[in-house]
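Only one structure is covered here, and it is reproduced in the block below.
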Amino acid sequence: MSGKEQQQQKGAANAGAAKTAITPTREENYAEWYQQVVRSADLAENSPVRGCMVIKPWGYAMWENVQRVLDGMFKATGHKNAYFPLFIPLSFLEKEAAHVDGFAKECAVVTHHRLKVGPNGKLIPDGELDEPLIVRPTSETIIGATFAKWVQSYRDLPLLINQWANVVRWEMRTRLFLRTTEFLWQEGHTAHATETEAVDETMQMLRVYADFAENWMAMPVIQGRKTESERFPGAVETYCIEAMMQDRKALQAGTSHFLGQNFAKASEIQFLDADGQQKFAWTTSWGVSTRLIGALIMTHSDDDGLMVPPRLAPTHIVILPVLHKPESAQQVLEYCKALAAELRTQQFAGRGIEVEIDARDLRGGDKMWQWVKKGVPVRIEVGPRDIEQGAVFMARRDRSAKDKASMPRDEFVRGASALLQEIQDGMLARAMAFRAEHTRRIDTREEFEAFFTPKRAGDDNSPSEIHGGFALAHFCGDAAVETDVKGRLGVTVRCIPLDGADEAGTCVITGRPSPRRVIWGKSY
């Protein structure tokens, strides 16, 4: 077949394909699809500062819901919120060698404290600081210095603190929500009298994150322990939750670190125990960030745009009044207002159902597609005929945009909360099925490398962007082997699953003995 004939055939196939609101589709270009979903849902945009983002109202409302729920979960486990400085003295980072090595290449450094007008009329830095300040990449060191003042006796423990803040990590390759130079997060920091208490805290917060991911984000996760090469700098152990995105890559959605006494010794967090003995505290840290918004997008969204789990949706139901007939417009609006008020009396996931009436002077189809792309769970259309029938015309975001049905108004109102939960449950089930479909037990090096090697696809024989998944395979634990695999295939051990059973075998790469299987995958 000639090149011209191939193009004609491809064009005919595309002409017959269903149109989507987002182009390119996930299959055509996943990375660009993601950017288009963010843009079309009006979630965020790039800022004038390279690598930073402006989070727009719809995106920030989602983050506020994440904050609200997690903050309640933290407080329910005994934690209190505080706030610590944005700037960290350089000497603080130097106290913990592994920590400073881990973050040195990502730090933003402040060296001057004012500006002056230079010879060419431009502003230049002036007033060099006695000691450079680091814009916090994470707060273990400065919080450790504060804990050293707060903790004197075993009676001061445990100390359970969380802060909601921003951090800066100087990233070279950025992507909205997933990896930006500045991002928003929470970081928990705790100090304990015993190792057992600190380990229990580490695991408790990992479970909190997993609970939130699955029951609020509708995103299934694997709880696991990181290998030594993937461990948080300075930690004794790092635990994580790992999720599979729709391009089959892993995304580390949260981490919880057992820091042992490393940071306590560096920051001199000491206390007198019940026997009057001076001891170093045992500490932990744990955090999640606005990366969760990116995870939500890539777990659930489709080729028509964003899809938001109802439990985190800024708006649960949008009402679209049909107002093209002036003589009935006021009646329709009044009906919609009464319907919204009735729905708002219903409770869902600990808050009232959030309803918005979109009465903008736009074409009905344009409004409808805007809300589809923003991912609102339920859309209601109301016109004169619906009023006559005491009905509403309802569509669910988890189904085709054309899948709409009329139903009695009273029935819809009574069942609104159950409908939202049904959508939430369906999204989790769909994500779990997707992960199961793309998780494979692998026992040979040949199968492992084939699994993670891009397949050739398309008329131009280019590598397929979407391939692989999670490989459950044995690993000997050698960090050098993991480094080699990462360099050749872009694959790392995502975690050693906590629910995995001991299973003697041989490493899929080296053939050496291995005590159990781990999760391998490509990642963000």
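The values are calculated or read from the model by the stated rules, or taken from the named source; none is laboratory data. These numbers were taken from a predicted model, which means no experiment stands behind them. As a convention, Cβ positions derive from the backbone with ideal geometry for all residues, glycine included, and neighbour counts pool all protein chains shown. Only protein heavy atoms, including side chains, enter the accessible area calculation; ligands, DNA and RNA are left aside. Shrake-Rupley method; radii C 1.70, N 1.55, O 1.52, S 1.80 Å.
The packing ranking of peptides 67-76, 136-145, highest mean first, is 136-145, 67-76, where packing means the average number of other beta carbon atoms within 10 angstrom of each residue. Here's the picture: charge each Lys and Arg Cβ at +1 and each Asp and Glu Cβ at -1 in the chain, and of Ala210, Val167, Phe258 the one pushed furthest to the positive end of that dipole is Val167. The orientation-averaged projection of the convex hull spanning the C-alpha atoms of the range 240-287 amounts to 4.3 square nanometres.
Based on the Kirkwood approach, the hydrodynamic radius assigned to the range 63-113 is 14.1 Å, with every pair of different Cα atoms included. Taken over the range 352-494, lysine pairs spaced eight or more positions apart, or on distinct chains, with alpha carbons under 30 Å apart number 7. Here the accessible area is traced with a 1.4 Å probe on the protein chains. For the range 78-232, carbon and sulfur cover 52 percent of it.
Only beta bridges with both residues in the chain are counted; by DSSP, about 85 percent of them are antiparallel. Charge tally around Leu123: other residues with Cβ under 11 Å, Lys/Arg +1 each, Asp/Glu -1 each, net +2. Pairs of Cα atoms nearer than 8 Å and 6+ residues apart set the relative contact order; for the range 123-203 it is 29 percent. All C-alpha to C-alpha distances of the range 390-524, sorted into 10 Å bins beginning at zero, yield P(r) values of 10, 29, 21, 16, 14, 8, 2, 0 percent in whole numbers. Under 13 Å of direct C-alpha separation, and excluding same-chain neighbours fewer than eight residues apart, Lys522 reaches these aspartates and glutamates: Glu242, Asp247, Glu449, Glu465, Glu482. The relative contact order of the chain comes to 14 percent, based on Cα pairs under 8 Å that sit 6 or more residues apart. Taking all protein chains into account, the per residue accessible area for the range 195-248 stands at 33 Å² (1.4 Å probe). For Cys495, nonlocal amide neighbours, meaning residues 5 or more places apart or on other chains whose placed amide H falls under 5 Å from its own, are Ile519. Of all DSSP beta bridges confined to the range 289-385, the antiparallel ones make up roughly 25%. Out of the total accessible area of the range 401-524 (probe 1.4 Å, heavy atoms of protein only), what percent is carbon and sulfur? Ligands and nucleic acids excluded, carbon and sulfur give 53 percent. Amide H contacts under 5 Å for Ser301: Met307, restricted to partners 5 or more places along the chain or on a different chain, H placed in the peptide plane at 1.01 Å from N.
All C-alpha pair distances within the chain, sorted into 20 Å bins from zero, spread as 19, 47, 29, 5, 0 percent across the bins. For Lys116, the lysines whose Cα comes closer than 29 Å to its Cα, not counting residues fewer than 8 places off in the same chain, are Lys105. Here's how it looks for Leu129: its modeled amide H is under 5 Å from those of His112, His113, which are all 5 or more places away or on a different chain. In the context of the full set of protein chains, residues of the range 310-409 present 47 Å² of accessible surface per residue (probe radius 1.4 Å, heavy atoms only).
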